[in-house]
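Q: Before I ask anything, here is the structure I am working with.
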Amino acid sequence: MQVAAERTRQRTFKLMVIGTLAGLFSGLFGVGGGSVIVPLLVLWLGYDERAATATSLAAIVCIAGFAAAVQGAYGNVRLLDAALIGVPAVGGVLIGTWLQQRLQTRSIALLFAAVLVASAIELVVR
Amino acid sequence: MIGAIVIGLAAGILAGLLGVGGGVLFVPALVLFVGLDQHHAEATSLLAIVPVAIVGTYRQDRYGNVRRADALTLGLLSVAGAAGGVALANALSGAFLRDAFAGLMVVIAAQLVHRTLRERQPPVQARAPGDGSRPGGPAG
């Protein structure tokens with residue numbers, strides 16, 4: 001009994017640390033925080049990659065929701081732009097996952113990585 | 001307005017195709033194409049992520065991949081971190097935040113390259129054990 005309770009407490013503590021780090025990351029950068037959550041769930045709680053990605057997505061609903069609400073209190077959220085981007089993005093993700101079953105994504109991924117780096121440079125120098 | 005819709009669709013396709021989060025695409029797109037400053041772009045990206053994550057979660061949950069209790073614990077225990085992160089973002093200058101974000105983009109690009117070169121076979125659709133009845137079938 002005591003061992004089980006201790007294990008549950010440790011697990012909850014780890015989840016709290018991961019959640020806090022992900023929240024900080026999400027709030028600071030305006031992203032979901034998946035790039036923090038997924039590796040930590042794998043390394044620290046023994047998740048396989050698939051369960052980690054799926055569980056991370058579910059947590060992101062809360063995390064991004066909280067962070068968006070706080071940003072809203074600062075008056076920074078552009079509601080119309082968020083809707084104009086977020087709603088079509090849902091359709092885009094459905095198309096993207098459908099395409100993923102049917103395409104070799106390797107060259108697309110490498111090309112896209114190059115675009116990310118180019119955009120990063122564009123952000124900094126302009 | 002059309003621009004934002006196109007960005008959303010394109011970012012969503014890339015996110016679904018490559019398994020990267022929406023935010024790392026939304027923020028630079030909002031800055032470079034919609035003309036928001038870094039703070040507004042980050043805040044707006046956060047809200048835009050929510051519907052994408054909801055639909056993604058719904059699909060993954062149907063495959064039994066979501067560990068609901070852990071996800072809920074993670075989400076609820078992130079409140080303090082999220083509030084702190086937002087406060088920190090708002091305390092920092094837009095220029096600093098933008099440069100830090102550019103650094104994050106390079107890290108994500110490196111992760112993507114690493115993952116892509118490591119993969120030997122094409123990715124297979126997430127499927128719960130015993131769900132072989134619909135191989136590769138659409139989840140939605």
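Q: Please arrange B:ASP70, B:ASP37 by counting, for each residue, the other beta carbons lying within 10 Å of its beta carbon, fewest first.
A: B:ASP37, B:ASP70
Q: Let me ask something else about it. Going by alpha carbons, how many degrees (0 to 90, nearest 10) lie between the helix axis of A:2-29 and the longest principal axis of chain A?
A: The answer is roughly 20 degrees.
Q: Please label the shape of the protein assembly as shown as rounded, prolate or oblate, based on the square roots a ≥ b ≥ c of the eigenvalues of the alpha-carbon gyration tensor (a/c under 1.5 means rounded; beyond that, a/b larger than b/c means prolate, else oblate).
A: Verdict is oblate for the protein assembly as shown.
Q: So for chain A, taking the charge dipole from beta-carbon charges (+1 Lys/Arg, -1 Asp/Glu), which of A:GLN71, A:THR105, A:ILE37 sits furthest toward the positive end?
A: Among A:GLN71, A:THR105, A:ILE37, the one farthest towards the positive end of the dipole of chain A is A:ILE37.
Q: Next up: Order of A:TRP98, A:TRP44 from fewest to most other C-beta atoms within 10 Å?
A: Lowest to highest Cβ neighbour count: A:TRP44, A:TRP98.
Q: Here's another thing I want to ask about it. Which whole number in µm²/s is D for chain A by Stokes-Einstein, with the Kirkwood Rh taken over Cα pairs at 37 °C and 0.692 mPa s?
A: For these conditions, the coefficient is 190 µm²/s.
Q: Ok, one more. Let me confirm one metric for peptide A:97-109, namely the mean number of other chain beta-carbon atoms within 10 Å of its residues' beta-carbons. All intermediate terms of the calculation are to be shown ahead of the outcome.
A: Working: counts 13, 7, 3, 9, 8, 2, 3, 2, 7, 5, 1, 4, 12.
Mean partner-chain Cβ count within 10 Å for A:97-109: 6.
Q: Separate question: In deg cm²/dmol, rounded to 500, what helix-only [θ] at 222 nm does the protein assembly as shown give when every DSSP H run of at least 4 residues adds -39500 (n - 2.57) and the total is split over its residues? Spell out each step's value before the answer.
A: On the way: 11 runs with 203 residues, N = 266.
About -26000 deg cm²/dmol.
Q: Starting from the Cα of A:ARG126, step 7 Å along the direction of its Cβ; do the same at B:ARG118; then give the gap between the two resulting points in nm.
A: 3.3 nm
Q: To continue, here is another question. Could you run the Karplus curve 6.51 cos²θ - 1.76 cosθ + 1.60 with θ = phi - 60° over segment B:15-23 and give me ³J(HN,Hα) per residue in whole Hz, x for Gly and Pro?
A: 4, x, 6, 10, x, 9, x, x, x
Q: With +1 on each Lys and Arg Cβ and -1 on each Asp and Glu Cβ, how big is the dipole of chain B about its Cα centre, in debye rounded to the nearest 20?
A: 540 debye
Q: When the Cα centres of segment B:1-38 and segment B:93-108 are compared, how far apart do they sit, in Å?
A: Segment B:1-38 and segment B:93-108 have Cα centres separated by 16 Å.
Q: Still on this structure: What size of dipole, in debye to the nearest 20, comes out for the protein assembly as shown about its Cα centre when the only charges are +1 on Lys and Arg C-beta atoms and -1 on Asp and Glu C-beta atoms?
A: Using only the charged Cβ atoms, the result is roughly 680 debye.
Q: Given axes a ≥ b ≥ c from the Cα gyration tensor, I'd like to know whether segment A:79-126 is rounded (a/c under 1.5), prolate (a/b larger than b/c) or oblate.
A: On the way: a/c = 6.08, a/b = 1.06, b/c = 5.74.
Note, shape of segment A:79-126 comes out oblate.
Q: Please compute, for peptide A:8-17, the average count of beta-carbon atoms on other protein chains lying within 10 Å of each residue's beta-carbon.
A: Taking the mean over all residues of the peptide, I get 3.
Q: Is chain B best put as rounded, prolate or oblate by its Cα gyration tensor, with a ≥ b ≥ c the root eigenvalues, rounded for a/c under 1.5, and otherwise prolate when a/b is larger than b/c, oblate when not? If you can, show how the numbers build up before the last one.
A: On the way: a/c = 1.87, a/b = 1.54, b/c = 1.21.
Since a/c reaches 1.5 and a/b is larger than b/c, the shape of chain B is classed as prolate.
The numbers here are math on the coordinates, done by the rules we state, and not lab data. Given the structure is predicted, the values throughout are model-derived calculations rather than measurements. Positions of Cβ are backbone-derived with ideal geometry, glycine not excepted, and every protein chain shown enters the neighbour counts.
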